[in-house]
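A short reminder: the numbers here are calculations on the coordinates, not readings from a lab. Please read these numbers as outputs of a predicted model, since none were measured by experiment. Heads up, the Cβs are rebuilt from the backbone with ideal geometry, glycines too, and the neighbour counts pull from every protein chain shown.
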Amino acid sequence: MDSIVDSLNSAYQDFVGAAANVLEAKELSGGQKTAATDVALENFKQKWELFRVSCDQAEEFVESVKQRVGSECLVDEATGSVSGKTGQGGMTGLPPISAVRLEQMSKAVRWLVIELQHGSGAAAGAAGHAHPSAPFDARFSEDNAQ
């Protein structure tokens, strides 16, 4: 995380420096367009793009951490590892499931959501035509016992 923050800070400092160079070049040229102002503007555009890339990378990192934390909380809740913690809700009456199994189901649900968001009828059609007694995943005994 420190490297992402350092990269973002460095890109920001370069961007601000390039903006200052544009203003200085424009002032030195008396507000006229010159080769120096063109070079300063081109450098500014490059630094702006690099800053945007750094922002996008930082945003992707934050989103991945949010997903990871959410997944860990979900796994903790589903596997019962939070039941002994103070301030947490009591037993739900449902037996805990394995973390691996939960992750597999979560990925399958995410895949279906993505397919539906992209307007693909294939996922919706496949889900709609599945036999109601068919297991979610035949590799797992708890899916076969209904």
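Counting Lys +1, Arg +1, Asp -1, Glu -1, what net charge surrounds Trp48 among other residues with beta carbon under 15 Å of its beta carbon?
-1
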Inset, instruction - Find out how many positive minus negative residues lie around Val22, taking Lys and Arg as positive, Asp and Glu as negative, among other residues whose Cβ is under 14 Å from that of Val22. - result: -1
